[in-house]
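Each value in this text was obtained by applying a stated rule to the coordinates, not by laboratory testing. Every value quoted in this text rests on a predicted model; they were computed, and no experiment measured them. Because the Cβ atoms are built from the backbone with ideal geometry, glycine has one as well, and the counts that use them run over all protein chains shown.
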Amino acid sequence: MFINRLTRPKLILVKKILFLVSILCLLYSCKEDSRATAPFDSYSVAKKIRVDKGAVVSAHPLASEVGRDILMQGGNAVDAAIAVQYALAVVYPNAGNLGGGGFMVFHTGEGESYSIDFREKAPLRAHKDMYLDSLGDAVPEWSRNGHLASGVPGTVAGTFLAHRKFGKLPMDQLIRPAIALAERGFAITEREAGGLNNYAEDFRKYNTRGSAFVKEKAWKAGDVLVQKDLAETLKRIAVQGQAGFYEGKTAELIEEEMKRGGGIMTAEDLKQYEAREREPVTFKYKDYTIISMGLPSSGGIMMQQMLGMLEPYPISEYGFHSPAAIQLMTEIERRAFADRTEYMGDPDFVEVPVAELVEKSYLESRMADFTPGVPTPSAEVSAGLMVKEKEETTHLSVIDEEGNAVSLTTTINGAYGSRVVVGGAGFILNNEMDDFSAKPGAPNKFGLLGTEANSIQPSKRMLSAMTPTVVLKNDKPYLVLGTPGGSTIITSVFQTLVNILEFDLPAQKAVNAPKFHHQWQPDLIYVEKEFPQAAIDTLEAMGYVVEERRAIGRTEVIKIIEQGIEAVGDRRGDDSAAGY
Ligand code: DON
């Protein structure tokens, strides 16, 4: 598809030559050649800071500054992360949120690791077939847009649980900057203006009341977005605590919104919501310790599977962006996604064979049919265990002076979630119900499939791909990273880790470099626009189908270096680092 100007015989000849080249590459690990093919400088947009004490990277400069200020006021990394999360709910309506959920991975300066699950839950009135029509076919519109698409939000409960356990400064001090931004307004970026304009029609269609996001004329960069209703909601949370969201006026406003719009969430759902502390997924990869999020996110387990499958191969010798490295990682990703589809779901509802899935011998057996240079068709890769009978998310990374590291990914799922703004409360509700499997074989928004393990049940949490991760080197924080991107979250974190740990790329290049992605089904390698053409050609000659797609991820990395802290934001968004 990329060489479509050639006649067919010539194309076949070119493909044959490329195939031979690819084999040579595989044999001789064409490290230097492949590096030369990547026009690196065109994506080396620098969003890097070097600081000594503490750093924050998030999707918006104003939010990163809020986090830095909290650190400078004596707050720890958890305080800063909470303040950034509330600020993002104001300055980054696309994904920042009160009406969504997420996961926090926390590694303390003393060396302990924790994770908090504040994933949304299916409302009590949800049921397995709620997105199927009378013929039994899944109706994507119902799970993706409007009132029926929302799970019970977890973000506010998550921040309060994190604060109760680890916070240092009072909660109202952490929410105050967000209140000021909502009340006084702030100048929106060009990217945000574009987003609000793109979805203006949806905001009109799915809302029962007007909102701050809709105005007569198109938005443009520099316009001031004032969110009075949101400021009031934030004040209720600052004054009443968690009950300021899950009970009283805010809960009433949510219930009324649901009634007006035909949704099913009730005040009872909100009252029952609880964030949970979970055991983080912790494992060794060579000299590093990886700490990531466990179920109901698939991210941590898949990271352990993928790095485990990778470990026996000398990938650093193959070279960054070399066809050999991309092919190996693609085949690993394919196998891990097949397992995700079959086995993973909310551990409070389904038994997931986690220990078996990450066992070394299992991972070795999973790669037994891998052949360099030859694709394994997804149709031949089913889930691997012999089981007995029976575009939006946002990530932020923070490190403080004591070495406490927070990796936090939250989401309302699609861009501007369900596009439903709670009337009188000013925040957008998620469309996370689409992360459930509406029916086996029916792909969700990200093309992901699922089985019974991820079917809808009242109060169940939908499976996630979010992968907030902390990496230790010699038991000390080395990397704090994560990204949005739906199913590509897992492969973006995987690639960023491989880029840094194996190919020794500087953090900014590791983030900026064009990415690829394979998720078992559909059986394609997705690549970003700037992906090196030579590598694409070689992979196509091997028999892979390669498809270009929009940007993959917005990865925020903090890296501890000898001279201090390096924090980098992704070139793909308004992302920005701040520190001191
Ligand atoms: O939890 C998940 O896996 C998805 N709801 C994440 C959605 C996402 O990353 C969209 N952002 N681009």
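Observations
- Computed [θ] at 222 nm, helices only, for the chain once each DSSP H run of length n ≥ 4 contributes -39500 (n - 2.57): -11000 deg cm²/dmol
- Unit charges at the beta carbon, dipole of the chain: most positive-side option, Val493, Pro280, Leu88: Leu88
- Residues within the reach of a label modelled at Glu141 (point 7 angstrom out along Cα to beta-carbon, backbone nitrogen below 17 Å), restricted to segment 261-288, are 261-263.
- Whole-Hz couplings from phi, Karplus 6.51/-1.76/1.60, listed for segment 492-498; x for Gly and Pro: 5, 5, 4, 5, 5, 4, 5
- Scoring 155-162, 251-258, 364-371 by mean Cβ neighbours within 10 Å over their residues and listing the highest first yields 155-162, 251-258, 364-371.
- Segment 250-327 versus segment 455-517: alpha-carbon centroid distance in Å: 9
- If the segment from Leu132 to Gln240 were pulled out straight at 0.36 nm per residue, it would be longer than the present Cα-Cα gap by 34.9 nm.
- Inter-label distance, nm, simple model (7 Å from Cα along the C-beta direction), Asp223/Glu247: 3.9
- The fewest-to-most ranking of Leu463, Leu310 by surrounding Cβ atoms within 10 Å reads Leu310, Leu463.
- Point-charge dipole on Cβ atoms (K/R +1, D/E -1) for segment 413-524, about Cα centre, debye to 20: 200
- The phi-based Karplus calculation (6.51 cos²θ - 1.76 cosθ + 1.60; θ = phi - 60°) puts the 3J(HN,Hα) values of segment 202-209 at 5, 4, 5, 5, 9, 10, 9, 9 Hz, whole numbers, x for Gly and Pro.
- Taking all Cα pairs closer than 8 Å and separated by 6 or more residues, the relative contact order of segment 459-549 comes to 17 percent.
- C-alpha center-to-center spacing [segment 168-227, segment 400-444] in angstrom: 17
- Greater than 22 Å apart at Cα, pairs in Lys205/Lys271; Lys215/Lys529; Lys360/Lys445; Lys515/Lys559; Lys48/Lys220: Lys205/Lys271; Lys215/Lys529; Lys360/Lys445; Lys48/Lys220
- Dipole of segment 188-302, positive direction: furthest Cα of Gln242, Met302, Gly194, with charges on the beta-carbon: Gly194
- Amide H contacts for Ser297 (H built 1.01 Å from N in the peptide plane; partners 5 or more residues away or on another chain; cut-off under 5 Å): Ser464.
- Simple spin-label estimate for Asp369 and Val545 gives 1.9 nm between the two label positions (7 Å along the Cα-to-Cβ direction from each Cα).
- Within the chain, DSSP assigns beta bridges of which about 90% are antiparallel (rounded to the nearest 5).
- Converting phi to 3J(HN,Hα) with the Karplus coefficients 6.51, -1.76 and 1.60 and the offset θ = phi - 60°, segment 260-267 yields 5, x, x, x, 10, 6, 10, 4 Hz in sequence order, with x at every glycine or proline.
- Contour minus Cα-Cα distance for Asp287 and Glu190 (0.36 nm per residue): 30.7 nm
- Likely footprinting exposure, Lys515, Lys559, Lys168, fewest C-beta neighbours within 10 Å first: Lys168, Lys559, Lys515
- Exposure proxy ranking, count of Cβ atoms within 10 Å, fewest first, for Tyr416, Tyr580: Tyr580, Tyr416
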